[in-house]
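A.B. asks: Dropping the structure in here first, questions after.
The values are calculated or read from the model by the stated rules, or taken from the named source; none is laboratory data. Quick caveat, the model's predicted, so the values are computed rather than measured. Please note: Cβ atoms are built from the backbone with ideal geometry, for glycine as well, and neighbour counts cover all protein chains shown. Quick note on the areas: whole protein, heavy atoms, side chains included, nothing else; ligands and nucleic acids left out. Shrake-Rupley method; radii C 1.70, N 1.55, O 1.52, S 1.80 Å.
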Amino acid sequence: MPAPRDPTGAPRLAVALEATPLLGTPTGVGRFCRLALEALAARGDVALRAFAVTWRRRGELAAVLPPGVGAGQRAMPARPLHAAWRFVDRPVLEHFLGPLDCVHGTNFVVPPTARAGRVVTVHDLTTLRFPELCHPATLGFPALVRKAAARGALVHTPTAAVAEEVVALLGVPAEQVVAVPHGVPPAPALDPRPARELLGLEPAVERYVLAVGTVEPRKDLPGLVAAFDEIAAAHPETALVLV
């Protein structure tokens, strides 16, 4: 199969990006994933494909991808593949997608490849520093990152602080770790309604504390509620809003 070409006639780089975070409830990682796909799809020198490591939701990916991103893969069940990749470099991603030049694992895991270069994004090291706050399925991520790095994968982090942790806690050579901040998309049009109306606040509420994010143990919402209780006792006109 001939390599796809850009408008100048030069071969385009065949890139695969994991888009599993686009499925289900949107999160910050899903937002990062979507915007990365949109930006890469706009380049004329990249032939971009997305893949999802999931069995139950394997048929949902194509419907949530941005324009210009290819789909189509063999089924990739997450649990057995993650377990296999912790110990062996099989099965390789090309088995599921075909020939590739580069693959980006957007959420701590990058599949082994036959020849394609690999990049893995490490958003934070909560699984190492606060494992009690993490879902059991994510506790194997550090081992997968170490193994990928040992096989030559480049580790991307969104901040210099996380890059330093990857070097110190995972033992990845500093020259293999690159901190590139997530891009900032254009701000959406402002909703003209007052914040009070948007948040559903009662008239008696004069001030509020706003927490934006997913509801999961590592966000420590019980700690936030406990801290707010101390404030609310003295300031009953203050509300806590979780979005």
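A.B. asks: Express in Å², to the nearest 10, the accessible area of residue 199 obtained by rolling a 1.4 Å probe over the protein heavy atoms while all chains stay in place.
C.D. replies: Number for this one is 50 Å².
A.B. asks: Still on this structure, please answer the following. Add +1 for every Lys or Arg and -1 for every Asp or Glu among the other residues with Cβ under 12 Å from the Cβ of residue 141, and state the total.
C.D. replies: Its environment carries a net charge of +2.
A.B. asks: Given contacts defined as C-alpha pairs under 8 Å and at least six residues apart, what's the relative contact order of the chain, whole-number percent?
C.D. replies: The normalised contact order for the chain reaches 13 percent.
A.B. asks: Right, something else. Using a Gaussian network for the chain with springs between C-alpha atoms less than 10 Å apart, which of these wobbles most: 156, 95, 82?
C.D. replies: So, out of 156, 95, 82, the one fluctuating most is 95.
A.B. asks: What's the ranking of 14-23, 212-221 by average number of surrounding C-beta atoms within 10 Å, highest first? Working shown, then result.
C.D. replies: Working: 14-23: 22.0, 212-221: 12.7.
Ranking, from highest mean packing down: 14-23, 212-221.
A.B. asks: Could you look at the stretch 193-243 and say what percent of its accessible area is carbon and sulfur, using a 1.4 Å probe and all protein chains?
C.D. replies: Details: 2180 of 3660 Å².
In the stretch 193-243, the share of accessible area belonging to carbon and sulfur is 59 percent.
A.B. asks: Taking only Cα atoms, what is the 0 to 90° angle, nearest 10, from helix 141-150's long axis to the longest principal axis of the chain?
C.D. replies: Value to nearest ten degrees: 40.
A.B. asks: While we're looking at this one, here's another question. Kindly write out, for the stretch 178-185 in residue order, the coupling ³J(HN,Hα) from the Karplus curve 6.51 cos²θ - 1.76 cosθ + 1.60 (θ = phi - 60°), rounded to whole Hz, with x marking Gly and Pro.
C.D. replies: Values per residue, Gly and Pro as x: 10, 8, 10, x, 5, x, 10, x Hz.
A.B. asks: Here's something else I'd like to know. At q = 0.11, 0.14, 0.22 Å⁻¹, what log₁₀ I(q)/I(0) does the stretch 20-135 have when each alpha carbon counts as one equal point scatterer in the Debye sum?
C.D. replies: -0.37, -0.61, -1.54
A.B. asks: Classify the stretch 37-104 from the C-alpha gyration tensor, please: rounded if a/c falls under 1.5, else prolate or oblate depending on whether a/b exceeds b/c.
C.D. replies: Details: a/c = 2.58, a/b = 1.52, b/c = 1.69.
Verdict is oblate for the stretch 37-104.
A.B. asks: Could you report the chain's accessible area per residue, 1.4 Å probe, as an integer in Å²?
C.D. replies: Here the residues of the chain average 57 Å² of exposed surface.
A.B. asks: Separate question: Rounded, prolate or oblate: which one fits the stretch 91-137, using the alpha carbon gyration tensor with axes a ≥ b ≥ c (rounded when a/c is under 1.5, else prolate when a/b beats b/c, else oblate)? Before the final figure, lay out each step's value.
C.D. replies: On the way: a/c = 4.21, a/b = 2.52, b/c = 1.67.
It is prolate, given that a/c is not under 1.5 and a/b is the larger ratio.
A.B. asks: Here is a follow-up. Using all C-alpha to C-alpha distances in the stretch 88-243, build P(r) with 5 Å bins and read off the rounded percent in each one.
C.D. replies: Answer for the stretch 88-243: a P(r) of 2, 8, 13, 14, 13, 12, 11, 9, 7, 6, 4, 2, 0 percent.
A.B. asks: Here's something else I'd like to know. Calculate one ³J(HN,Hα) per residue across the stretch 61-71 by plugging θ = phi - 60° into the Karplus curve 6.51 cos²θ - 1.76 cosθ + 1.60, and present them in order as whole Hz with x for glycine and proline.
C.D. replies: 5, 4, 6, 10, 7, x, x, x, 10, x, 9
A.B. asks: Report the full-extension gain for the segment residue 79 to residue 221: residue separation times 0.36 nm, less the Cα-Cα distance, to one decimal in nm.
C.D. replies: 48.3 nm
A.B. asks: Ignoring everything but the protein chains, give the 1.4 Å probe accessible area of residue 230 in square angstrom, nearest 10.
C.D. replies: About 150 Å², ignoring ligands and nucleic acids.
A.B. asks: Pop out the ³J(HN,Hα) list for the stretch 22-33 in order, Karplus 6.51 cos²θ - 1.76 cosθ + 1.60 with θ = phi - 60°, rounded to Hz; leave Gly and Pro as x.
C.D. replies: Here the 3J(HN,Hα) series is 6, 8, x, 5, x, 9, x, 5, x, 5, 4, 5 Hz.
A.B. asks: Place a +1 charge on the Cβ of each Lys and Arg in the stretch 116-217 and a -1 charge on the Cβ of each Asp and Glu, then give the dipole magnitude about the Cα centre in debye, rounded to the nearest 20.
C.D. replies: On the way: 8 positive and 10 negative charges, 86 e Å.
Around 420 debye, computed over the stretch 116-217.
A.B. asks: With a cap of 12 neighbouring Cβ atoms within 10 Å, and only residues DSSP puts in a loop, list the trypsin sites (Lys or Arg not before Pro) found in the stretch 134-196.
C.D. replies: In loop regions of the stretch 134-196 (DSSP not H, G, I, E or B), the sparsely surrounded trypsin sites (Lys or Arg not before Pro) are 151.
A.B. asks: How much length would be gained if the chain were fully extended between residue 159 and residue 95, taking 0.36 nm per residue of separation minus their Cα-Cα distance, in nm to one decimal?
C.D. replies: Going from the current span to full extension adds 19.7 nm.
A.B. asks: Which residues does the label zone of residue 35 cover in the stretch 182-203, counting backbone N under 15 Å from a point 7 Å along Cα→Cβ?
C.D. replies: Zone members listed by number: 182-189.
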